[in-house]
Amino acid sequence: MEGGVKRMTTFSAVDLLQDLPQEATKFFAVFSRFEFAMKRAGYLKSHAEGAAAEPGWDCFARDLTNTFFQTVQNSNSAKVLFDVPPKKQIVQGNSFDWKKGEDITDINKLFLAVRCVRNNLFHGGKFLIEPVEEPSRNKELLRACPAILETALQECKTSGVEKPKLKELHRHFFEPL
């Protein structure tokens, strides 16, 4: 190990998962399953023939009640996102840098922040490649995002009577693989 960073010499998916913090593995599982359930319930970015089958976060956000955002905003588990929103990795010359996160003032920006954490984990080199400045903050972010999605799932369950797509999302999330 060089400077506390493990260097990989062979590819092993098991090793990759074992090297990730437990919070990252949980977030990966919850987020992936959530987007799967969104698509299965019909929350798509576009319904056009031939369009990419991407989850429609804005459509989903519109179906949630106003109290959902307030509940998350007032919860201690999501405080880290509201206090200092996640940064976005950007290109800076021949390298990368971090851009300040946008303040979370509504439900769409909340889900944008959750996706930013996902992107930073999946694509941004937050772990394994080089040491990070605030590892404890990263773990807080990785704990906050599944909590937000779990709160959204609860909202889907309780609001499903008025909005059947929410109930479908909830059902698909928990259906066997």
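The values are calculated or read from the model by the stated rules, or taken from the named source; none is laboratory data. What you see is a predicted model, and the numbers here were worked out from it, not measured in a lab. Ideal geometry is used to build each Cβ from the backbone, glycine not excepted, and the neighbour counts take in all protein chains shown.
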Filtering segment 148-172 down to residues that are surrounded by 17 or more Cβ atoms within 10 Å (Cβ to Cβ) and among the hydrophobic types (A, V, I, L, M, F, W, C) yields Ile148, Leu149, Ala152, Leu153, Cys156, Leu166, Leu169
For segment 8-127, which fully contained helices (runs of 4 or more DSSP H) count at least 3 residues that are of a type in the set (Lys, Arg) and surrounded by fewer than 19 Cβ atoms within 10 Å (Cβ to Cβ)? 22-41
So which residues in segment 62-119 are more than 22 Å from Ser32 (Cβ to Cβ), touching a residue at least 24 places away in the same chain (Cβ under 8 Å) and aromatic (Phe, Trp, Tyr), if there are any at all? Phe69, Phe96
Can you tell me which of Val91, Val30 is of a type in the set (Val, Ile, Thr) and modelled with pLDDT of 95 or more? Val30
What pairs can you find where one residue is in segment 149-177 and over 23 Å from Glu23 (Cα atoms), the other is among the hydroxyl-bearing types (Ser, Thr, Tyr) and at pLDDT 90 or above, and their Cβ atoms are less than 7 Å apart, with a gap of 6+ or different chains? Lys165/Tyr43; Leu169/Tyr43
